[in-house]
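**Student:** Input: one structure, supplied below.
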Amino acid sequence: MSFDLTLPLVMLAAFGLFNLLLSAAVAVAWRAGVPARSPRSNVVLGIRLLPVAGSAALVLTVVLPAFLLYEPRHAHDEPGPLLLASALFALAALGDGIRRGLRTWRSTRDLLRRSEALIDPPAGAEFGVSVLNAKEPLVALVGGLRQRIVATPCVAAACDRDEFRQVLAHETARRDARDNLKLLMLLAMPDALAWLPIGSELTEHWRVAAELEADERASGSDPRKRVALASALVKVARLSIANGSPGVRSGGSSGIETRVRRLLAPSPATYRGLPVLFIFACAVLIPLLAMPLYAPIHGLIEILVAFGR
């Protein structure tokens, strides 16, 4: 097989192997209780994205330069079964991730088509609010780049002015945090975790954490706002139970209970995440440390190519 065909096959196979190894590491860390010690949504998001982001970074900054520097252009290697199996796994994971992403996009598009923009937005709405003609109680932020709040009439009717204003403030906080784009990434991740229950557990854990943080940004330390939002959540939960659908968005009944308890408790201390420069420095450190190891890394690539042949 020529150099031009071997290169993409090696990159796919390396991505598949790294993906499996990092997915296993995430699964072990999750079972060891890492989320309980790091409940913030961005931490959970980073853990969930690690298999794909880490695999892509290692392939582009370690495997690719090592292969280009040390692989003879005139070489003709026959691929072994391990190389082919790893590449096929990577293609299957990428294809399934695209499928799940498209399915999510189509569901959002269908929901938006069923909604109509309100001529007179409710008090407290900072941007477009649409009414969805459905019986199920729902207030949600939908869309990725063009985001919109969608609400069903029964929710607006059940909440008073202050309660509904806080509901809209909550959705505005989710918009500012780009939660919908993060959720799309979580649902479309092309890795082994997407095919295991732990992938859904991580996504649900992120959902609940993101909702709690949006509550804090929307209400702050103002007790009136916190009580108003908690009251609105209870009313929406009651509407859902009366409608026969207790599994409301943002973690079901247990998620609603957690949010209400947090809102009625004293406002927690503000969390400060890792500086962006620190994260960038860690990402740059990987290829710098790998540069002296390009030759032995190429030897490992040769083993991967020939294994089982």
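**Student:** Of the conditions (1) in a helix (DSSP H, G or I); (2) more than 21 Å from GLY95 (Cβ to Cβ), SER221 fails just one. Which one is it?
**Tutor:** It fails just one condition, (1).
**Student:** Would you list the helices (runs of 4 or more DSSP H) that sit entirely within the stretch 1-103 and hold 1 or more residues that are closer than 20 Å to ALA188 by Cα and not aliphatic (A, V, I, L, M)? Steps first, answer last, please.
**Tutor:** On the way: elements: 3-31, 34-37, 41-58, 64-70.
Ranges flagged: 3-31, 41-58.
**Student:** Further, regarding this structure: Run ALA32 past the list (1) at pLDDT below 90; (2) of a type outside the set (S, T, N, Q); (3) surrounded by 14 or more Cβ atoms within 10 Å (Cβ to Cβ) and report the number of the one that doesn't hold.
**Tutor:** For ALA32, the failing item is (3).
**Student:** Is it the case, given these coordinates, that VAL155 is without any contact (Cβ under 8 Å) to a residue 40 or more places away in the chain and either of a type outside the set (S, T, N, Q) or farther than 26 Å from PHE15 by Cβ (or both)?
**Tutor:** Here the answer is no, as VAL155 does not meet what is asked.
**Student:** Being at pLDDT below 85 and farther than 19 Å from VAL44 by Cβ: is that true of ILE241 here?
**Tutor:** Taking the combined requirement at face value, the residue satisfies it.
Quick grid of which residues meet (1) at pLDDT below 90; (2) buried (at least 21 other Cβ atoms within 10 Å of the Cβ); (3) in contact with a Phe, Trp or Tyr (Cβ under 9 Å, 6 or more places away or on another chain); (4) not aliphatic (A, V, I, L, M):
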{"residue": "ILE198", "(1), (2), (3), (4)": "no, no, yes, no"}
{"residue": "ALA210", "(1), (2), (3), (4)": "no, yes, no, no"}
{"residue": "ARG224", "(1), (2), (3), (4)": "no, no, no, yes"}
{"residue": "ALA232", "(1), (2), (3), (4)": "no, yes, yes, no"}
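**Student:** Of the residues in the stretch 186-226, how many are more than 22 Å from ASP96 (Cα to Cα) and more than 11 Å from the chain's Cα centre (by Cα)?
**Tutor:** Total satisfying the criteria: 18.
**Student:** Same structure again: So which residues in the stretch 281-309 are of a type outside the set (D, E, K, R), outside any helix (DSSP H, G or I) and either at pLDDT below 80 or closer than 14 Å to VAL59 by Cα (or both), if there are any at all? Write out each step before concluding.
**Tutor:** We begin by selecting, within the stretch 281-309, every residue of a type outside the set (D, E, K, R); these are 281-301, 303-308.
With the extra rule that they be outside any helix (DSSP H, G or I), the set shrinks to 307-308.
The one that is of a type outside the set (D, E, K, R), outside any helix (DSSP H, G or I) and either at pLDDT below 80 or closer than 14 Å to VAL59 by Cα (or both): GLY308.
The values are calculated or read from the model by the stated rules, or taken from the named source; none is laboratory data. Keep in mind that this is a model prediction, so the values were computed, not measured. In this analysis, Cβ positions are derived from the backbone assuming ideal geometry, glycine residues included, and neighbour counts consider all displayed protein chains.
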